[in-house]
Amino acid sequence: MDTLAEVARVVNTCTDCQLHAGRTNAVPGEGPDAAELLFIGEGPGFHEDRQGRPFVGPAGNFLEDLLQSIGMTRDQVYIANMVKCRPPDNRDPVPSEIAACSKYLDRQIELLDPLLIVTLGRFSTGRFIPGQSISRLRGRLRRVNGRHIFPIMHPAAGLRRQEMRAAIEEDFAKIPGLLDVLRIQSEPASESAQIREASASFEPSPAEQSRSLWDVLAPAEPGIAGSRIEESPADEVDQPNDPPPGQQRLF
Ligand code: URA
Ligand code: SF4
């Protein structure tokens, strides 16, 4: 599978787990090959199964509203799911189904190489950060095996409960700022050098000079960051719980 289109072709005829038996259409995922932002949901529902496209039912409408709220449209982002075929009666996918299907999502992530992965709900969040509750993880950026993961609650939960909707909206609003920071971080060294040169005129203190851009934007509090790393299988925690006194948390 050398392209995203090829992944989709293979998915469309896959029979590697029992979910193939009940599907109308497989739902490989969709979006531009160069999308910076990847959303990962759980699995197709009724409408997705009918149309062969991800997030086209009520949860999809909410996702589109959320994208609009940050000035984006769905054709700018890649949207995928943990399992590509609809579980019967919208039951949760079981571990053997997730395991059988993970090769497709793994390849999609490799080929897309997105700047930011937004995991929607506990299933896709658990793929990167297992064993922790989504309510603890939501709204914080983490780096896991070199990928930047931003968990939020599933849009379908926001349709059921007003307080969840508010939490999802609050987390979504952080996405443009995260993308800005990640874009700067991923710039080639020559451009970073230019930024450093331009900012040299501000004459930062030696302590400031030794900190990375990330630290400046999201200052770490060693105690909290350290303890969170210990209890998290994620290889790095990028954001502290609270900024140190006198420092502002930007996102
Ligand atoms: N919910 C999901 O998790 N994925 C979809 O594609 C649609 C609804
Ligand atoms: Fe294949 Fe995934 Fe569909 Fe199972 S859910 S049949 S592994 S594409």
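Every read-out reported here was derived from the displayed coordinates using simple, explicitly stated rules and does not represent laboratory data. Small disclaimer: the values here were computed from a predicted structure and weren't measured. Ideal geometry is used to build each Cβ from the backbone, glycine not excepted, and the neighbour counts take in all protein chains shown.
With (1) within 13 Å of ligand 2 (Cβ to nearest atom); (2) more than 16 Å from LEU38 (Cα to Cα); (3) in contact with a Pro (Cβ under 8 Å, 6 or more places away or on another chain) as the list, and LEU137 as the residue in question, which single condition is left unmet?
For LEU137, the exception is condition (1).
Take GLU110 and tell me if it is away from ligand 2 (no atom under 16 Å from the Cβ), more than 21 Å from GLU170 (Cβ to Cβ) and in contact with a strand residue (DSSP E or B) (Cβ under 8 Å, 6 or more places away or on another chain).
Judged against the criteria, GLU110 is not a match.
Could you go through the range 104-111 and let me know if any residue there is within 16 Å of ligand 1 (Cβ to nearest atom), hydroxyl-bearing (Ser, Thr, Tyr) and within 20 Å of ARG23 (Cα to Cα).
Taking every residue of the range 104-111 in turn, at least one turns out to be within 16 Å of ligand 1 (Cβ to nearest atom), hydroxyl-bearing (Ser, Thr, Tyr) and within 20 Å of ARG23 (Cα to Cα).
In this structure, is ALA34 in a loop (DSSP other than H, G, I, E, B) and either more than 9 Å from ligand 1 (Cβ to nearest atom) or within 19 Å of PHE150 (Cα to Cα) (or both)?
yes
When you scan the range 51-60, do you find a residue that is under 15 Å from GLU97 (Cβ atoms), buried (at least 21 other Cβ atoms within 10 Å of the Cβ) and touching a Gly at 6+ places or on another chain (Cβ under 9 Å), even just one?
no
Has the range 107-129 got at least one residue that is free of Cβ contacts under 8 Å to residues at least 60 places away in the same chain and in contact with a Pro (Cβ under 9 Å, 6 or more places away or on another chain)?
yes
For the range 73-98, give me each residue that is near ligand 2 (Cβ under 9 Å from one of its atoms) and either without any contact (Cβ under 8 Å) to a residue 40 or more places away in the chain or part of a helix (DSSP H, G or I) (or both).
GLU97, ILE98
Can you tell me which residue among GLY41, GLY57 is under 26 Å from HIS20 (Cβ atoms), under 15 Å from the mean Cα position of the chain (by Cα) and within 8 Å of ligand 1 (Cβ to nearest atom)?
Checking each option against the conditions leaves just GLY41.
So PRO44 ticks every box in (1) part of a loop (DSSP other than H, G, I, E, B); (2) at positive phi; (3) within 16 Å of ligand 2 (Cβ to nearest atom) but one. Which box is left unticked?
The single condition PRO44 does not satisfy is (2).
Does HIS20 satisfy being more than 20 Å from the chain's Cα centre (by Cα), within 8 Å of ligand 1 (Cβ to nearest atom) and surrounded by fewer than 22 Cβ atoms within 10 Å (Cβ to Cβ)?
So HIS20 does not fit the description; no.
Given the residues ALA34, ALA21, ALA8, ALA59, which is the only one that is more than 14 Å from ligand 2 (Cβ to nearest atom), out of contact with any helix residue (DSSP H, G or I) (no Cβ under 8 Å at 6 or more places or on another chain) and of a type in the set (A, V, I, L, M)?
After ruling out the rest, the residue left standing is ALA34.
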